[in-house]
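Report on the structure given below.
What follows draws every value from the coordinates through simple rules; no lab data is involved. Computed from a predicted structure; not experimentally measured. FYI the Cβ positions are ideal-geometry reconstructions off the backbone, even for glycines, and counts take in every protein chain you see.
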Amino acid sequence: MPLFLWKKSYEIGIAENDTQHRNLVGIINELSDAMITKKGYIVVPHILEKLEDYIQSHFTTEEEIMRDTKYPALDEHCQEHLAMTTKVIGFKRACAKNHEINVVEVLNFLRDWLKEHIVMSDKKLKANIQTMDA
Ligand SMILES: [Fe+2]
């Protein structure tokens, strides 16, 4: 059973962005599934590579949307993206040091990111887009 199930209500209504969010859920579920079968430490370097690629493409897309829609909380939202980027780089460095990484900490961080950022912060972006469309 996946750790996190995507719901249509999480979509912000911009296909590229929503596809990227679903991809992140897939990456997190992949790590969770690996941990259930005690393979978390084996897959975590690969997961972190995927996350770094994801961050680069997704944050660029989302920040462009925010600029295009004149999102008032752009700076605050970008700070959250920066914090995520810093955390992932930190995990990658820890992993490179002879796998000195706590896989449970990685998974908990990613789960919280989904709950607090995608479900809450990105939802505010959706409300702003809907206001513009009205
Ligand atoms: Fe975001």
> Quick one: length gained pulling Thr19 to Asn102 fully straight, 0.36 nm per residue minus the C-alpha distance?
Replying inline: 27.0 nm
>> Using the Cα centre of the chain as origin and beta-carbon charges of +1 (Lys, Arg) and -1 (Asp, Glu), tell me which of Thr69, Asn98, Ala15 is placed farthest towards the positive end of the dipole.
In response: Asn98
>> Under the rule of at least 5 residues apart or a separate chain, name every residue whose amide H is placed under 5 Å from the amide H of Thr69.
In response: none
>> If the reach is capped at under 30 angstrom between alpha carbons, list the lysines near Lys7, excluding any in the same chain fewer than eight residues apart.
In response: Lys38, Lys39, Lys50, Lys70, Lys87, Lys92, Lys115, Lys123, Lys124, Lys126
> Label points 7 Å out from Cα along the Cβ direction at Lys7 and Gln56: separation in nm?
Replying inline: 3.4 nm
>> Explain nothing, just compute: Karplus ³J(HN,Hα) = 6.51 cos²θ - 1.76 cosθ + 1.60, θ = phi - 60°, for every residue of segment 100-117 in order, whole Hz, x for Gly and Pro.
In response: 7, 9, 9, 5, 5, 5, 4, 5, 4, 4, 5, 4, 5, 4, 4, 5, 8, 8
